[in-house]
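One structure is given below, encoded as structure tokens.
The values are calculated or read from the model by the stated rules, or taken from the named source; none is laboratory data. Owing to the predicted nature of the structure, the values given are computational and were not obtained by experimental measurement. Methodologically, a virtual Cβ is constructed for each residue, glycine included, from the backbone with ideal geometry; neighbour enumeration extends over all protein chains shown.
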Amino acid sequence: MPRNVGDRYACEKCGAQIVYEKPCPCTEGMPHSEICCGDQMKRVSEGTSG
């Protein structure tokens with residue numbers, strides 16, 4: 001799934017977060033990995049802490 005500006009992902013182990021500042025140009029179905037502490041990060045709503 002493409003990533004959009006503002007999409008936020010958080011690590012459930014350490015609480016680190018990443019936010020997309022530019023849209024991802026990948027097409028639907030291309031794999032994505034937001035990895036931290038060895039695990040896939042979870043998508044969160046803006047303002048949500050880990």
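Here are a few things to note about the model shown:
- Residue that is surrounded by the fewest Cβ atoms within 10 Å (Cβ to Cβ) [pool: residues in segment 39-50 that are modelled with pLDDT under 85 and not hydroxyl-bearing (S, T, Y)]: G47
- Looking across C11, C26, C36, one residue alone is surrounded by 11 or more Cβ atoms within 10 Å (Cβ to Cβ) and in contact with a Pro (Cβ under 6 Å, 6 or more places away or on another chain). It is C26.
- Pair list, Cβ < 7 Å and 6+ apart or interchain, from segment 9-24 residues that are under 10 Å from Q40 (Cα atoms) and touching a residue at least 40 places away in the same chain (Cβ under 8 Å) to residues that are polar (S, T, N, Q) and surrounded by 13 or more Cβ atoms within 10 Å (Cβ to Cβ): A10/Q17
- Of the residues making up segment 14-25, one or more are at pLDDT 95 or above and at positive phi.
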